[in-house]
Amino acid sequence: MIEHALMPSLCDRPASDPRQRLRLITQVGFFVLFVMAPVFDWLRYDLTAGHAWFLGMEWHAGLEDFSAGRVSAGEAAGNILLRVFLPLVGAGAVLIGVAWKWGRLYCGWLCPHFSVVETINRAMRRATGKPSVWDKRALPPFEPDGTPIRIDRRWWLVTVPLAVGFAFVWAVVLLTYLLPPVEVYGNLIAGTPTRNQFIFITAATVVLSLEFLFARHLFCRFACAVGLFQSLAWVGNRRAMVVGFERQRAGDCASCHSACDHVCPMRLKPRTLKAGMFTCTQCAQCVSACETTQRDNPNGPLLQWVRGAAAEANEAPVLPVQGAPRRR
């Protein structure tokens, strides 16, 4: 089971948490795949040639044969169904199937946008004390293990170029999914992009820079269709994997500074019910933070991945424990 295979020991710190190390590897690997897929024709649509590429092979919908009169309308419709709709439906079914059992694993473990979100969050926290300009209050200036975080406005000199740099990379890569990568990169290296290429890259860089600086997790929560459908599938399964909170032990949170809340890149409250965690990406940073802050607690952490009957039980209301702290 995925939650058992990735579960670290209770004494691990988030920085040395094997679950977070594995997540970093998968994020970096998928980002590299996102950049390189068009270069090797693993997946892209070529507007110049008028057909797609998949795993190095030309992928035609069959409309050319229909236009040339080589196939009937019925055969053309069958080709579109077989070569376009079925692959898309199959890929979507896999994504939704994974989300149904384990939640938004794609978002938290693979998505090249979410890896940018987390990277800029960390840089912005160094610059402002907050992972987002929209947070009303600064976070405690230390990591869950007590390591201090030095807040320095000069980190803006890193944060802004980082956001713009990521935006430029995204703009160029998106263009290579539509035009031959050799042409796009060749023109950029020579400093001679075509007018349309220049307009696309410039406009996309500006828009994505603003999104990376100001919207990041808000886009993931409210505007990403891929994330929305995963969340809908996940909340529809009461036995799906979820971050479970031992509410009967809520008094143990008195020794913590709400580290689980502060590390969440989506700015969620992990100790709430599943309905309040609709956009959880299963990054498990809250679990790692709880394991760190409660490492000396003989009863262990209060947060952990659960599924099945344990996930259903986690949604059952529990009477508040006398002396339990209020949520902060």
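The values are calculated or read from the model by the stated rules, or taken from the named source; none is laboratory data. These numbers come from a predicted model, not from an experiment. Glycine also receives a Cβ, built like all others from the backbone with ideal geometry; neighbour counts cover every protein chain displayed.
Summary table
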quantity	calculated
Spans of helices (runs of 4 or more DSSP H) in the range 2-112 with at least 1 residues modelled with pLDDT under 95 and over 24 Å from the mean Cα position of the chain (by Cα)	63-67, 73-80, 86-102
Pairs, first closer than 20 Å to residue 139 by Cβ in the range 248-276, second polar (S, T, N, Q), C-beta under 6 Å, six or more apart	256/293; 259/293; 263/285; 265/121; 266/279
First in the range 278-293 and on the phi > 0 side of the Ramachandran plot, second anywhere and assigned to a helix (DSSP H, G or I) and not aromatic (Phe, Trp, Tyr), Cβ under 6 Å, 6 or more apart	282/105; 282/108; 284/19
Residues that are under 30 Å from the mean Cα position of the chain (by Cα) and surrounded by 18 or more Cβ atoms within 10 Å (Cβ to Cβ), drawn from the range 181-193	181, 184
Residue, surrounded by the most Cβ atoms within 10 Å (Cβ to Cβ), within the range 228-266, restricted to residues that are assigned to a loop (DSSP other than H, G, I, E, B) and in contact with a Cys (Cβ under 8 Å, 6 or more places away or on another chain)	266
